[in-house]
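Engineer: Before we start, here is the structure in question, set down as structure tokens.
The values are calculated or read from the model by the stated rules, or taken from the named source; none is laboratory data. All values derive from a computational prediction rather than experimental measurement. Heads up, the Cβs are rebuilt from the backbone with ideal geometry, glycines too, and the neighbour counts pull from every protein chain shown.
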Amino acid sequence: MTAEYKVHGDVAVITMNNPPVNGLGHATRVGLTDGLSKANADAAVKAIVITGAGKAFSGGADIKEFGTPKALAEPNLLSVIIAVENSAKPVVAAMHSVAMGGGLELALGCHYRIAAPGTSVALPEVKLGLIPGAGGTQRLPRVVGVEAALNMIVSGEPVKSEMLAQLPGQKLFDKMAASAESLAEEALAFARSVADARPLPLVRDMKVKHPLGDAYFQFARNMVKGMAKNFPAPAKCVDAVEAATKMKFDDGMVFEREIFAALMFTPECRALRHLFVAERAASKIPDVPEDTPKREIKSVAVIGAGTMGGGISMNFLNAGIPVKILEMKQEALDKGIATIRKNYEAQVKKGKLKQDKYDQRMALLSTTLSYDDLKDADLVIEAVFEEMGVKEKVFKELDRVMKSGAILASNTSTLDVNKIASFTQRPQDVVGMHFFSPANVMKLLEVVRGEKTAKDVLATVMAIGKKIKKTAVVSGVCDGFIGNRMIEQYSRQAGFLLDEGALPQQVDKAIEKFGFAMGPFRMGDLAGNDIGWAIRKRRATERADMKYSRTADKLCELGRFGQKTGAGWYDYKPGKRDAIPSDLVNKMIEDHRKELGITPRKISDEEIVQRLVFALVNEGAHILEDGIASKSGDIDMVYLTGYGFPIYRGGPMQYADQVGLFNVVEAMKRFQKNPLDDAKFWEPAPLLTKLVSEGKGFN
Ligand code: NAI
């Protein structure tokens, strides 16, 4: 049973008990309606309290039931709320800790509400591309007013109960408890005080208006449109709240339900629900049980105070974990520390960081030139030059000095983590922690699992990833890991498109219209075109079969490395980051085509998007086959958090599912026939072919 029933004298208490957050799964809903029936049938009971055990009143829908028939099985949440409203005896919601989504909607169906201070109150459905679907949009405005309700519903953000209690004229809480500890006692006393009150107050009978009427909703609609142009749900929140002010309650409920049902089937909602599930699933590793004991990480060492070392250090300082940075020379240390300082000071200036917090963080930072000073660190992350010889020296030193049980991580982006591990006598303690630049900002952390990496090392690194607020995704060892291995194919397509007739600005514009934060050429200019150049030079000997457009090499031969050299695929004005299409580059591309005897053709935006995105999909399918990623959702998380893939499309693999894998494969077969493209690459991955023949998707 996931709701307990207990009678305390003349008050029945129904306690939802479905850890971790008392999700309103089917069994909980049955427990609630059973409890209500019992209480109403018991002459000794005069009033009823509904509350939650443990860490929440209720966090809303039970995510374990998402998408299953159980989610809608009777009594569904709407029926439970009607049963509460119709109870002949007063029902009091005793809210604490978390009252979100369906949990808040349930409370709004109760006749009275009492809350403990510190309760997080929210209707977060918009974050899943939905609007509240069990009366939230109709009842919340009636108790906190139009503006407060709309802010909560459109943002989905939690607001503390004590803040809501201060809203003028609010009817959300009939009483605030003195503390979470006294809530149970105070709820019983309150229930007794209203035991004989009749008629019972119902939120549905209250009236709500905004003084500005239509003008206000027009304003709200414009605001929301600007904020969330690719998501339909926020604008629908405005419509639903407006309905609360204009329609009869029951009509408003039907209106809300219709919007909810229509949104459920939009690609944006599917994408956001996928993201929600994939994000939680990413931290689960198939053969590493969740209860795997973790090593304690109380201090961190970072080798190298360059671009990455500095950013990586900031993550730990922000989380209150002391960091010691090692460099070869004092000047390099000074420079690295100055950059960290500058980054924090910019945050202080913008008001994003308080001075005392800044001081605390800097106090956690220390430096050294000697490996012996690092020996006690629990985790050391290497971020030195990307050369195997340099990594070898560093890891041999670390192996010599680090205490037993310390985790030895490398931030390498291209080198073989197994090889790096082999430089030590403790390969089980070695792991890749691949951060993305700027490391203090980007959410993604690829955790690279070596052949010998111990399970508790993986579990520990995943947990520390969470602690420093990263989205950690496990990748096996291969060239480029998940993200860069796929982006290489995407970049290769971008190059072929130039050869065939497109210009950088057209390619960028098409993919940015699709929703990418930045097209491949603007991205190259930002990251530095010389990085890809170095990789291609290496490939020429390692993987001569990989075909590239020569345009990018020619660009680098002109010294146009991107923003850092003031010119790349685009021109840049001094000190500015605006990408200006370059006549020189366009001419270079045209000359290149002439040299190859290519007659340029007009390429549609649709073809550009398909070739770039499906290149990711095909390589992603190979990555799954090779076991480099354990599930397609992991690949999507990498692209959503590290590569600016549009959130509302849910990641490349989810997008392919939306398009239909049959259609994806058909497009690949078309691309195979293009003599200027790479026919071998476009051979659909066996996994793709298999899924199509089984009528399945990646998910
Ligand atoms: P960087 O050149 O900015 O910094 C490297 C730092 O390491 C320099 O300050 C250098 O003095 C120091 N260093 C070199 N050898 C050393 C040694 N033996 N002992 C101590 N310190 C030493 O390079 P960056 O960009 O920070 O890259 C570092 C690592 O991170 C590389 O493995 C790179 O592939 C990887 N990486 C870089 C990304 C980027 O966008 N820059 C993204 C992800 C990973």
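Engineer: Being in a helix (DSSP H, G or I) and within 16 Å of the ligand (Cβ to nearest atom) is the filter; apply it to the range 439-479 and report the residue that is nearest to PHE276 (Cα to Cα).
Structural biologist: Among them, the one singled out is GLY465.
Engineer: Looking only at the range 42-67, filter to residues that are of a type in the set (Asp, Glu) and assigned to a loop (DSSP other than H, G, I, E, B); which one of those is farthest from HIS274 (Cα to Cα)?
Structural biologist: Only one residue tops the list, namely ASP42.
Engineer: Return the residues of the range 320-342 that are more than 13 Å from the ligand (Cβ to nearest atom) and surrounded by fewer than 17 Cβ atoms within 10 Å (Cβ to Cβ); say none if nothing qualifies.
Structural biologist: GLY320, PRO322, ARG341, LYS342
Engineer: If you scan the range 417-438, which residues turn out to be more than 14 Å from the ligand (Cβ to nearest atom) and either of a type in the set (A, V, I, L, M, F, W, C) or in contact (Cβ under 8 Å) with a residue 24 or more places away in the chain (or both)?
Structural biologist: Within the range 417-438, ASN418, ALA421, THR424, GLN425, ARG426, PRO427, GLN428, ASP429, VAL430, VAL431 meet the criteria.
Engineer: Give the range 248-263 a look and list any residue that's surrounded by fewer than 16 Cβ atoms within 10 Å (Cβ to Cβ) and either outside any helix (DSSP H, G or I) or small (Gly, Ala, Ser) (or both), or say none.
Structural biologist: Those that are surrounded by fewer than 16 Cβ atoms within 10 Å (Cβ to Cβ) and either outside any helix (DSSP H, G or I) or small (Gly, Ala, Ser) (or both): LYS248, ALA261, ALA262.
Engineer: For ALA39, state whether it is closer than 30 Å to GLU181 by Cβ, at pLDDT 95 or above and part of a helix (DSSP H, G or I).
Structural biologist: yes
Engineer: Any idea which of TYR643, TYR655 is out of contact with any Gly (no Cβ under 7 Å at 6 or more places or on another chain), outside the structural domain of LEU445 (by TED's automatic domain parsing) and within 19 Å of ALA629 (Cβ to Cβ)?
Structural biologist: TYR655
Engineer: Related question: Name every residue in the range 147-179 that is charged (D, E, K, R) and under 19 Å from LEU128 (Cβ atoms), in order of residue number.
Structural biologist: GLU157
Engineer: Restricting to the range 551-580, name every residue that is outside any loop (DSSP other than H, G, I, E, B) and surrounded by 15 or more Cβ atoms within 10 Å (Cβ to Cβ).
Structural biologist: Selection gives THR551, ALA552, ASP553, LYS554, LEU555, CYS556, GLY562, GLN563, THR565, ALA567, TYR570, ASP571.
Engineer: Would you pick out the residues in the range 394-408 that are over 19 Å from PHE316 (Cα atoms) and more than 15 Å from the ligand (Cβ to nearest atom)?
Structural biologist: LYS403, SER404, GLY405, listed by residue number.
Engineer: Given the condition touching a residue at least 12 places away in the same chain (Cβ under 8 Å) and closer than 14 Å to VAL477 by Cα, answer yes or no: does some residue in the range 387-407 qualify?
Structural biologist: No - not one qualifying residue is present in the range 387-407.
Engineer: Moving on to the next point. Return only the number of the condition from (1) surrounded by fewer than 18 Cβ atoms within 10 Å (Cβ to Cβ); (2) closer than 21 Å to LEU200 by Cβ that LYS64 does not satisfy.
Structural biologist: LYS64 satisfies every listed condition except (2).
Engineer: Still on this structure: Any chance you could count how many residues in the range 315-371 are assigned to a helix (DSSP H, G or I) and not polar (S, T, N, Q)?
Structural biologist: 26
Engineer: Within the range 593-604, does at least one residue satisfy the condition of being surrounded by fewer than 17 Cβ atoms within 10 Å (Cβ to Cβ) and among the β-branched types (Val, Ile, Thr)?
Structural biologist: Yes, the range 593-604 has at least one match.
Every residue, every condition in (1) farther than 19 Å from PHE481 by Cα; (2) among the charged types (D, E, K, R); (3) not in a helix (DSSP H, G or I), yes or no:
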| position | (1), (2), (3) |
| --- | --- |
| PHE395 | yes, no, no |
| LEU408 | no, no, yes |
| THR414 | no, no, yes |
| ILE420 | no, no, no |
| GLN425 | yes, no, yes |
| GLY432 | no, no, yes |
| SER437 | no, no, yes |
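Engineer: Here is a further query. Taking the stated definitions as given, is PRO286 under 28 Å from the mean Cα position of the chain (by Cα), at pLDDT below 95, over 30 Å from VAL126 (Cα atoms) and away from the ligand (no atom under 16 Å from the Cβ)?
Structural biologist: Answer is yes for this residue.
Engineer: Would you check if there is a residue in the range 303-312 being among the hydroxyl-bearing types (Ser, Thr, Tyr), surrounded by 19 or more Cβ atoms within 10 Å (Cβ to Cβ) and within 12 Å of the ligand (Cβ to nearest atom)?
Structural biologist: No: zero hits.
Engineer: Among the residues of the range 327-376 satisfying the criterion of being hydrophobic (A, V, I, L, M, F, W, C) and in contact (Cβ under 8 Å) with a residue 40 or more places away in the chain, which is farthest from VAL302 (Cα to Cα)?
Structural biologist: Only one residue fits best here, namely MET362.
Engineer: What do you reckon, is GLY25 free of Cβ contacts under 8 Å to residues at least 60 places away in the same chain and within 18 Å of ALA134 (Cβ to Cβ)?
Structural biologist: Considered against the rule, which asks whether it is free of Cβ contacts under 8 Å to residues at least 60 places away in the same chain and within 18 Å of ALA134 (Cβ to Cβ), GLY25 comes out as yes.
Engineer: Being of a type in the set (Phe, Trp, Tyr), out of contact with any Phe, Trp or Tyr (no Cβ under 9 Å at 6 or more places or on another chain) and exposed (fewer than 14 other Cβ atoms within 10 Å of the Cβ) is the requirement here; does PHE385 meet it?
Structural biologist: It is true that PHE385 is of a type in the set (Phe, Trp, Tyr), out of contact with any Phe, Trp or Tyr (no Cβ under 9 Å at 6 or more places or on another chain) and exposed (fewer than 14 other Cβ atoms within 10 Å of the Cβ).
Engineer: Tally up the residues in the range 378-393 that are part of a strand (DSSP E or B) and either away from the ligand (no atom under 14 Å from the Cβ) or of a type outside the set (A, V, I, L, M) (or both), please.
Structural biologist: Residues meeting the conditions: 2.
Engineer: Got a number for residues in the range 435-470 being under 21 Å from GLU296 (Cβ atoms), surrounded by fewer than 19 Cβ atoms within 10 Å (Cβ to Cβ) and β-branched (Val, Ile, Thr)?
Structural biologist: Matching residues across the range 435-470 total 0.
Engineer: Further question: Could you list, in sequence order, all residues of the range 289-302 that are among the aliphatic types (A, V, I, L, M) and either in contact with a Lys or Arg (Cβ under 7 Å, 6 or more places away or on another chain) or away from the ligand (no atom under 11 Å from the Cβ) (or both)?
Structural biologist: Within the range 289-302, ILE297, VAL300, ALA301 meet the criteria.
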